[in-house]
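A quick write-up on the structure given underneath.
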Protein chains: 2
Amino acid sequence: MDAEEFRRAGHAVVDWIADYWATLGQRPVTSSDPPGTITAALPAGPPVHGEPVDAVLADLDRVITPGLTHWQHPGFFGYFPANTSGPSVLGDLVSSGLGVQGMLWATGPACTELETVMLDWLAGLLGLPERFHSAGRGGGVIQDSASSATLVATLVALHRASGGRWRDVGVDRRYRAYTSTQGHSSIEKAARIAGLGDDGVRPIEVDPDTLAMRPEALRAAIRADLAAGEVPTIVVATVGTTSTTAVDPLPAIGAICAEYGIWLHVDAAYAGAAAVCPELRWAHDGLEYADSYCFDPHKWLLTGFDCDAFWVADSAELVGALTVMPEFLRNAATESGAVVDYRDWQVPLGRRFRALKLWFVLRWYGVEGLRAHIRSGVALAARFAGHVLADDRFELAAPHPFSLVCFRLRPGDENDVRSGDEINAALLARVNGTGRVHLTHTRVAGRYTLRLAVGSPQTTGRHVDEAWDLLSATADALLTEPPPTTGRPPTTERPPTG
Amino acid sequence: MDAEEFRRAGHAVVDWIADYWATLGQRPVTSSDPPGTITAALPAGPPVHGEPVDAVLADLDRVITPGLTHWQHPGFFGYFPANTSGPSVLGDLVSSGLGVQGMLWATGPACTELETVMLDWLAGLLGLPERFHSAGRGGGVIQDSASSATLVATLVALHRASGGRWRDVGVDRRYRAYTSTQGHSSIEKAARIAGLGDDGVRPIEVDPDTLAMRPEALRAAIRADLAAGEVPTIVVATVGTTSTTAVDPLPAIGAICAEYGIWLHVDAAYAGAAAVCPELRWAHDGLEYADSYCFDPHKWLLTGFDCDAFWVADSAELVGALTVMPEFLRNAATESGAVVDYRDWQVPLGRRFRALKLWFVLRWYGVEGLRAHIRSGVALAARFAGHVLADDRFELAAPHPFSLVCFRLRPGDENDVRSGDEINAALLARVNGTGRVHLTHTRVAGRYTLRLAVGSPQTTGRHVDEAWDLLSATADALLTEPPPTTGRPPTTERPPTG
């Protein structure tokens, strides 16, 4: 495809996306087709001779978009959002067009330097401690996700805890990682990948009201492990847990980590973005104790997936843990010591030019534009929580400091054999089954709980109100229909064959 | 940015890329600016209020592109290429615009199913063994890079070698990985990440002529480790090593792995793409022994970075090694067992919709278009090798079965105090310093060797001939100028301050 063919086809694809966004709210949020529907609609192999882009775009409409979960839909309230925006898409498009592979400074100086500068901009925007800025010993890098950030933090922590021995001999002692019972599953996965095993992760209990880690429980677990000859290696504290956006008490946790010489990684994947607003920076109190920190601009800062921003306080330690230097990568710039080679800050070798999308987003929105987006999400969540509070049938299941609301229907009357869990699972399945919204669930203190997370730039008060009206009307039906007296009611979301 | 603003700005960005591609050959391949140049040209923080896209595009021209290494330039012959193409950029653009996060089948059914189908298409296109097709127990997935594929293979191999114990207790024995002395640095990095340590990797010696792994040396290393109570876990064989594109003998290696029950991963990151041409499939002989295999469409198959295609023969074993199921990801589709959740096939949780760019590329070029691209690369490399062979001052350093040529100047006359390594390093520094080409280097049998890798779709016979003319003329100057009699000549590429 030459430059002129690209120009023509590129305009058509841009128009396709603009039309998709303009009509997104009219689509069902999720597909109701059973597994295999898309597969069955595709040929068994590639064409022998090339086809025009128009043919692919036609199949995009015919086969692909009807089979999607539309994450950018104004009615998408599931998981945490992964929101993109026009400027992010354009920055990514420039990155794709340049096709630069920035594994070394030398293989793309501007790719590396813009990334360092963007991470410094973000550090300033969030008011992060000075230790993470590149002017000192610290610095930031883009990881694909908070999962990879946690893995990288775990690896440097092993390097430190072993006194450098881990690089040569691997995991030869019982290294231990700590996180609250509400910590993300990626912490367990990172420990498994790093060779600590699932047994290497100590789940620390939380306060029953705030769902935040109890520092005294952390200290007790560390002491018990030390007494047993195990090696406390890393604590992963969370600012905004996935289940309920609980905030672990960093000052107390940080002091314990400092006392025992344990690496502190702070995972603020979702909620970190809130710190662009000064009034929400309280969640980062104590962050000066952290050895590493991350948040995901791809969740709540209008930057398309993937873009996790990860900082360390001592980049030399990180590079020491991860670098491997084969002959074919040797170059004068690296040997001069004057440059950053980001390949040594991550698991893979190769790297895309992801800083461009951050640059486009930060410049298009500006500081005030980003703050307005965060404040809108918090306000919409509060609006939804207000609906919940005003309805006696429902209850809030946890505080909602950011833009996630956890709630549930209270159990039905004593004649209803359905448990609270069953009724709430049925409620979720029915509202999602309409295709007008998509919510997901969690368990809070063991109880099935619905989650509504606001994030899409297309979501307005009207969409939140409509979601509430739908939930309320569905609850009416659920609670007034004759309760089942035999058998089991549906307890899961719409089955995929439905 | 609303849909109409995106439409206008999107056309401008598409035009910017088309213009960039049309003028690429007129730019220097690399920047000659010292480290810090880009940083110094950027403001200290983001703007308070948003700026228009035009302002960002202007800075792209002013600050970013002059500071890049242009990987798509027709004169870029370094490393292995990472080539993109128009249809790949467009597929990626659609992916960015949809903003789907395909961690689960349920979070993007079409994202998952198109990926499975594209990996099946690729398996057919390359003539891979049936065991990797999704119709049976196998299947493919997109990883970011071959580094991550090797890591994932190492993790499943540990799961198998430990009888599943590794998941719970981690690395509690001395597990060992094997690769040739020419294996990629990512194998050492994967072993380090997985907790085996650098000592856990056994470098196996190669045949001095072919630079391919010697099977008898592999067997001896395995036996020695078994005798020492260690646990042979994974063999990584390479089809097309990074240094010289050597091809390890898979039939003999595979038989040894089968005999000892060791996981065989085949890393064909660069050269695997050649198998789209039936006449080049010989390099995959013996692949039926492999438990896992990968190649990078982002290297030599016109698909933008990142896109590594990774297959396993038994996907259940892979999922068993990597899955972690928190409540907030539970869903009916997963519990039905009828779907693939690709989050369990990789390190991170989240996933982009990368199958779209493969779909666009495979349909735009068709099978014959892709074959023509590979054949062009092989022919251009042969053309360059012909120039080397016809000039007595030069020699080929290794066979060139694909599109990489390894060559060097023979040492100067006996009065020249410069070593062959010094002269070749100076040759590389001087030709790269012109900005007209970019080559990189390796060492073959300890000797400094230049590498010329063809891959850009813009590279033609004229560019290869110009590269040769430049090398030849530079050699004239190097060999005829008075050799230094004191001090040390430059031995590295152009210093970054130059």
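The values are calculated or read from the model by the stated rules, or taken from the named source; none is laboratory data. Predicted, not measured: the structure shown is a model, and the values here were computed from it. Here Cβ is always computed from backbone atoms with ideal geometry, including for glycine, and neighbour counts include all displayed protein chains.
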Assess whether B:Arg167 counts as being assigned to a helix (DSSP H, G or I), farther than 18 Å from A:Pro326 by Cβ, modelled with pLDDT of 95 or more and in contact with a Gly (Cβ under 7 Å, 6 or more places away or on another chain). yes
Count, please, the residues in the stretch A:186-208 that happen to be facing chain B (nearest Cβ under 10 Å) and crowded, with 23+ Cβ neighbours inside 10 Å. 12
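Looking at the stretch B:217-243, which of the residues that are among the β-branched types (Val, Ile, Thr) and surrounded by fewer than 23 Cβ atoms within 10 Å (Cβ to Cβ) is farthest from the other protein chains (Cβ to nearest Cβ)?
Quick first cut of the stretch B:217-243, residues among the β-branched types (Val, Ile, Thr) only: B:222, B:231, B:233-236, B:238-239, B:241-242.
Of the ones still in play, those that are also surrounded by fewer than 23 Cβ atoms within 10 Å (Cβ to Cβ) are B:222, B:231.
On the way: B:Ile222: 19, B:Val231: 12 Å.
Only one residue tops the list, namely B:Ile222.
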Considering B:Arg202, B:Arg173, which residue is within 23 Å of A:His159 (Cα to Cα), among the basic types (Lys, Arg) and not in a strand (DSSP E or B)? B:Arg173
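Tally up the residues in the stretch B:33-54 that are more than 29 Å from the chain's Cα centre (by Cα) and facing chain A (nearest Cβ under 7 Å), please.
Looking only at that region, the number is 9.
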I'd like the full set of residues that are at the interface with another protein chain (Cβ under 7 Å from one of its Cβ atoms) and not in a loop (DSSP other than H, G, I, E, B), limited to the stretch B:336-358. B:Ser336
Given (1) of a type in the set (Lys, Arg); (2) surrounded by fewer than 19 Cβ atoms within 10 Å (Cβ to Cβ); (3) part of a strand (DSSP E or B), B:Arg408 misses just (2)
Being aliphatic (A, V, I, L, M), buried (at least 20 other Cβ atoms within 10 Å of the Cβ), in contact (Cβ under 8 Å) with a residue 60 or more places away in the chain and in a loop (DSSP other than H, G, I, E, B), is that true of even one residue in the stretch B:391-404? yes
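Of all residues in the stretch A:354-368, how many are of a type in the set (Gly, Ala, Ser) and surrounded by fewer than 20 Cβ atoms within 10 Å (Cβ to Cβ)?
1
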Kindly indicate which of A:Leu122, A:Leu128 is more than 12 Å from chain B (Cβ to nearest Cβ) and either in contact (Cβ under 8 Å) with a residue 12 or more places away in the chain or within 14 Å of B:Ile64 (Cβ to Cβ) (or both). A:Leu128
Is it the case that A:Ala273 is without any contact (Cβ under 8 Å) to a residue 24 or more places away in the chain and either assigned to a helix (DSSP H, G or I) or over 17 Å from A:Thr181 (Cβ atoms) (or both)? no
Condition set over 27 Å from the mean Cα position of the chain (by Cα) and in a loop (DSSP other than H, G, I, E, B), scope the stretch B:1-32, selection surrounded by the fewest Cβ atoms within 10 Å (Cβ to Cβ): answer is B:Asp2
Residue check: is B:Arg214 within 14 Å of chain A (Cβ to nearest Cβ) and either within 23 Å of A:Arg343 (Cα to Cα) or crowded, with 18+ Cβ neighbours inside 10 Å (or both)? no
Please pick out the residue among A:Asp314, A:Asp308 that is more than 8 Å from every other protein chain (Cβ to nearest Cβ), buried (at least 19 other Cβ atoms within 10 Å of the Cβ), modelled with pLDDT of 95 or more and under 26 Å from the mean Cα position of the chain (by Cα). A:Asp308
With the requirement that a residue be within 8 Å of chain B (Cβ to nearest Cβ) and touching a residue at least 60 places away in the same chain (Cβ under 8 Å), what does the stretch A:170-185 give you? A:His184
Can you pull out every residue in the stretch A:84-104 that is at the interface with chain B (Cβ under 7 Å from one of its Cβ atoms), in contact (Cβ under 8 Å) with a residue 40 or more places away in the chain and not in a helix (DSSP H, G or I)? A:Thr84, A:Ser85, A:Val100, A:Gln101
